[in-house]
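As structure tokens, the structure follows; a few thoughts come after it.
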Ligand code: ADP
Ligand code: MG
């Protein structure tokens, strides 16, 4: 699969529609984290340098009521984008119609406009073909750089792509190369580290990675369902009773495939889900009935680190413990440190909370790639076809 990327297009003097992911967190009309806008800059700057006319758009939040339309406007995003680009950005508070069309017709090469939240149109999330066709009619080429919505078939990605030559932006290209690379043709050994809250959220990921990985290391809350399947006492730890049989099946599957599936040997426990309560490290065999496991222990960190030695590709999804509380962050920090020290390995994080953990704990620069899409990266790791990617033109 070779998809067109933005550098494959001849954009000079052309009206280029750009689907970006400007779905930034907002509070009281203010942007609280502009990372997604920053991530869109390479593609936008490239197009401006090449003399394109950019028509950029995105969704922002969920739009269910008329009232949502007052608070979910992209106007503050356009203002921030102008600051980051150090150039005028015209904001058009419309999603279609004469005002928007006139603004586009007035554009000069190297200018950029942002139009209003795509979800103000009810047809957006239904991928209404008329809406996709209409938006496509506003430009001559389409660049999709919104990986965060690639798992959705919406009018602003798939719908437009059905009508125009479409290329991936640089951010989308990175995600295809890295996350797509893991599921398609990883350099081996491929080691997957899976954690996070629940087995049920990650069944698809585990099943797909059993087919691809050489080793799977399991930590986080989901490890207890696996330990339970091995008849261990797990006290009050997180358990998905109805997934115990599945955990057993997954372990058998891994064995049959010759994939090493490795569970922690010790855990950090507490009697309460709190950073103020006492905590201790015990062997997985010694979890008391009134204790819950909230992190992997030091021996497990050492074990996982040893198993990571020599890895050529590492994909990490799901924190090793309740990293939001400092007493239970050491497992996640330890694994980040080990991954940071691996030589010659491509190291990738997929998953919203895992990405947040790596950034909060100060490891953002230590990975080859941190995915920008939470749900999209999970579905990609499950081996699903993402409509936003599939609809990009072939080279
Ligand atoms: P991601 O968003 O990267 O896919 P998840 O959403 O699956 O990750 O999981 C993240 C959450 O898992 C974190 O909020 C973390 O506190 C929680 N978690 C990790 N280990 C445990 C544990 N042992 N018990 C309870 N929750 C845990
Ligand atoms: Mg999550």
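The values are calculated or read from the model by the stated rules, or taken from the named source; none is laboratory data. Every value quoted in this text rests on a predicted model; they were computed, and no experiment measured them. Ideal geometry is used to build each Cβ from the backbone, glycine not excepted, and the neighbour counts take in all protein chains shown.
Among the residues of the range 323-330, is there at least one that is part of a helix (DSSP H, G or I), buried (at least 23 other Cβ atoms within 10 Å of the Cβ) and within 12 Å of ligand 1 (Cβ to nearest atom)? Among the residues of the range 323-330, at least one is part of a helix (DSSP H, G or I), buried (at least 23 other Cβ atoms within 10 Å of the Cβ) and within 12 Å of ligand 1 (Cβ to nearest atom), which makes the answer yes. With respect to the conditions (1) crowded, with 23+ Cβ neighbours inside 10 Å; (2) part of a loop (DSSP other than H, G, I, E, B), residue 344 lacks only one, and its number is (1). Of 247, 256, all but one fail to be assigned to a helix (DSSP H, G or I), within 16 Å of ligand 1 (Cβ to nearest atom), within 31 Å of the chain's Cα centre (by Cα) and closer than 21 Å to residue 191 by Cα; the exception is 247. Applying the condition of being touching a strand residue (DSSP E or B) at 6+ places or on another chain (Cβ under 7 Å) and within 16 Å of ligand 2 (Cβ to nearest atom) to the range 197-221 and asking which residue is modelled with the highest pLDDT yields 219. The residue list 236, 255 contains one member that is more than 16 Å from ligand 2 (Cβ to nearest atom), more than 25 Å from residue 380 (Cβ to Cβ) and free of Cβ contacts under 8 Å to residues at least 12 places away in the same chain, which is 255. Residues of the range 80-94 that are over 25 Å from the mean Cα position of the chain (by Cα) and under 21 Å from residue 43 (Cβ atoms): 82, 83, 86, 87, 88, 89, 90, 91, 92.
Among all residues of the range 289-298, there is none that is assigned to a loop (DSSP other than H, G, I, E, B), within 16 Å of ligand 2 (Cβ to nearest atom), surrounded by 15 or more Cβ atoms within 10 Å (Cβ to Cβ) and in contact (Cβ under 8 Å) with a residue 24 or more places away in the chain. Taking first residues from the range 313-332 that are at negative phi and partners that are assigned to a strand (DSSP E or B) and within 14 Å of ligand 2 (Cβ to nearest atom), the Cβ contacts under 7 Å between residues at least 6 apart in sequence or on separate chains come to 316/349; 317/194. The set of residues in the range 215-243 that are surrounded by fewer than 18 Cβ atoms within 10 Å (Cβ to Cβ) and away from ligand 1 (no atom under 16 Å from the Cβ) comprises 230, 231, 242. Here the condition is being over 17 Å from the mean Cα position of the chain (by Cα), surrounded by 14 or more Cβ atoms within 10 Å (Cβ to Cβ) and under 16 Å from residue 144 (Cα atoms); of 37, 54, 31, it holds for 54 alone.
Among the candidates 123, 139, 110, single out the residue that is in a loop (DSSP other than H, G, I, E, B), over 24 Å from the mean Cα position of the chain (by Cα) and free of Cβ contacts under 8 Å to residues at least 60 places away in the same chain. Criteria check complete, one pass: 123. Within the range 386-395, the set of residues being in a loop (DSSP other than H, G, I, E, B) and either at pLDDT below 95 or under 22 Å from residue 24 (Cβ atoms) (or both) comprises 386, 395. The sole residue among 309, 324, 379 that is within 16 Å of ligand 2 (Cβ to nearest atom) and closer than 30 Å to residue 280 by Cβ is 324.
For the range 167-199, a tally of residues being part of a loop (DSSP other than H, G, I, E, B), within 16 Å of ligand 1 (Cβ to nearest atom) and more than 13 Å from residue 381 (Cβ to Cβ) returns 3. Residue count for the range 359-374, restricted to those that are modelled with pLDDT of 90 or more, in a helix (DSSP H, G or I) and closer than 22 Å to residue 186 by Cβ: 1.
Of all the residues in the range 57-79, those that are more than 25 Å from the chain's Cα centre (by Cα) and in a loop (DSSP other than H, G, I, E, B) number 3.
Within the range 198-223, residues that are farther than 22 Å from residue 294 by Cα and in contact (Cβ under 8 Å) with a residue 24 or more places away in the chain reach no partner that is within 12 Å of ligand 2 (Cβ to nearest atom) and part of a loop (DSSP other than H, G, I, E, B) with beta carbons closer than 6 Å at six or more positions or on different chains.
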